[in-house]
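Have a look at the structure below, then the notes.
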Amino acid sequence: MLHNMNFISFTAIRFLRFQKSSRSQSFISFVTVIAITGVMLGVASLIIALTILGGFEKELKEKVIGFATHIQVTTYTNQPIRYYQNIETKLKKEIPQIRSVSAYVAKEGMINYGDVTEGIIIKGIEQISSEAGVKKYLVQGDINFDKISDGLYGCIIGKKLLNTLGAKLKDTVFVFGLQGHIQTSIAPNVIAFVIQGVYESGMSEYDDIYLFVGIPSVQQLINFDEAVTGFEVMVNNVDISPEIAKQIMDVLGYPFNARTLFQLYRNLFTWIELQKEPIPLILGLIIAVAAVNIIGTLLMLVLEKRKQVGILRSLGASARDIKKIFLINGIFIAIVGIVLGNLFAFSICWLQLEYQFFSLPSTIYFMKTVPIYFRVENFAIVSIISFILCVGGAYIPARLASKLDPIKAIRLG
């Protein structure tokens, strides 16, 4: 049995050797290289596509979670929420899956520096966690919302908004806030803020318009007294956030409304899912093309080697042996193509991850460069499916070769 396998392997390798003894042999070798290249490019393109899509999903989730949290709790009427400390304690006690609850105040306003005035959203936050977007994407200064003097507080500003204003770190900007639920004056309140830190997330939705401050300063700015706009809830697992949102609404009741990350940014996550849907079809089509290349290559190899096949049959090789020889040829092309495809895909993705050659408009894609997220599953799934399809394609010419009549093959060869 071992001797028979050695004979089959040796013959298969001889059939695929890149010799230049004749024009026909050289042509077969060239077609073999083309078949290997086809498998390589098909595998590499799919792995790269899956890696980039995974990167988009991961980056969007991280950035959106960093700025918008897992669950946002407000009221249906957008009325200020008083005695919010009691609500925070109640949620943590009633729902153990909740990791943290942080109150926030958000309001539209205007920011002025020199001759430039821009519309912004002022967001007062209670605490900064290690995973918060403001902290993660900080590029200058530090996070400091402390009161510096009467009417002067610290703030964190987006880099794009900073550039639009023409300001720099430690400069003082003036923020105009609309009154809260009680309209006491026609003129808006004004508070001066010192720029203590600058963040850059690549998401223009935040970098262009958000100004992060402490809760007391924004409460003073919009006459909110001790009230807040809502709560940002972090859970142990973002995937269970829809169930936790329902529990929050059951615990708090009307008029509270809990919306998950996936509801707040439905368009973004729907776009990601739509991008993923055609992947199985694309996977099948591209690898099928590679499998057809292998079929064509092996068919030409069968035609070229039919005389040798006839001689082998006349010397005692069985039809099964001939089939195995050409199957091994197909497996060789598939394995070499898949390995090279994996290496090529990994190299391209690693280079993009390290050097960020390909940039993106952040106003459209919420990030500055093409994102990369390596997952072993992507490499494994594409490789396994590719191997199965390629071997299936190799079976057709292998079976045809085994059916050749030895006498005709020798005479016509």
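For region 132-173, taking the residues that are over 22 Å from PRO216 (Cβ atoms) and in contact (Cβ under 8 Å) with a residue 60 or more places away in the chain, the one that is surrounded by the fewest Cβ atoms within 10 Å (Cβ to Cβ) is identified as VAL139. One residue alone among ARG82, ARG99 is at pLDDT below 85 and either of a type outside the set (A, V, I, L, M, F, W, C) or under 17 Å from GLU205 (Cα atoms) (or both), and that residue is ARG82.
Considering only residues that are acidic (Asp, Glu) and surrounded by 20 or more Cβ atoms within 10 Å (Cβ to Cβ), which ones fall in region 45-85? Walk me through it before giving the result.
Kept after step one, since they are acidic (Asp, Glu), are these residues of region 45-85: 57, 59, 62.
The answer is GLU59, and nothing else.
Within region 86-106, the presence of a residue that is assigned to a loop (DSSP other than H, G, I, E, B), out of contact with any strand residue (DSSP E or B) (no Cβ under 6 Å at 6 or more places or on another chain), among the hydroxyl-bearing types (Ser, Thr, Tyr) and surrounded by fewer than 16 Cβ atoms within 10 Å (Cβ to Cβ) is excluded.
Of the residues in region 71-91, how many are of a type outside the set (D, E, K, R) and within 18 Å of GLN220 (Cα to Cα)?
Taking region 71-91 and keeping what is of a type outside the set (D, E, K, R), we get 71-81, 83-87, 89, 91.
Keeping just the survivors that are within 18 Å of GLN220 (Cα to Cα) gives 79-81, 83-84.
Qualifying residue count, region 71-91: 5.
Taking strands (runs of 3 or more DSSP E) as the structural unit, those lying wholly within region 205-309 and holding at least 2 residues that are among the aromatic types (Phe, Trp, Tyr) and crowded, with 17+ Cβ neighbours inside 10 Å correspond to 210-214. Suppose we filter SER9, SER26, SER45 for residues that are at pLDDT below 75, touching a helix residue (DSSP H, G or I) at 6+ places or on another chain (Cβ under 7 Å), among the hydroxyl-bearing types (Ser, Thr, Tyr) and assigned to a helix (DSSP H, G or I); which single one remains? After applying the criteria, what remains is SER9. Selection over region 314-348 of residues that are farther than 19 Å from ILE396 by Cβ and either of a type in the set (Lys, Arg) or not in a loop (DSSP other than H, G, I, E, B) (or both) gives a count of 13.
Every residue, every condition in (1) at pLDDT below 80; (2) more than 30 Å from VAL309 (Cα to Cα), yes or no:
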{"residue": "MET1", "(1), (2)": "yes, no"}
{"residue": "LEU16", "(1), (2)": "yes, no"}
{"residue": "THR32", "(1), (2)": "yes, no"}
{"residue": "MET40", "(1), (2)": "no, no"}
{"residue": "ASN78", "(1), (2)": "yes, yes"}
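What residue, among those in region 128-163 that are in a helix (DSSP H, G or I) and of a type outside the set (A, V, I, L, M, F, W, C), is modelled with the lowest pLDDT? Of everything passing the filter in region 128-163, GLY133 is modelled with the lowest pLDDT.
Within region 114-127, at least one residue is of a type in the set (Asp, Glu), within 23 Å of TYR104 (Cβ to Cβ) and modelled with pLDDT of 85 or more. Of everything listed in (1) modelled with pLDDT under 85; (2) outside the structural domain of PRO188 (by TED's automatic domain parsing), the single unmet condition for ALA258 is (1).
The values are calculated or read from the model by the stated rules, or taken from the named source; none is laboratory data. Given the structure is predicted, the values throughout are model-derived calculations rather than measurements. Please note: Cβ atoms are built from the backbone with ideal geometry, for glycine as well, and neighbour counts cover all protein chains shown.
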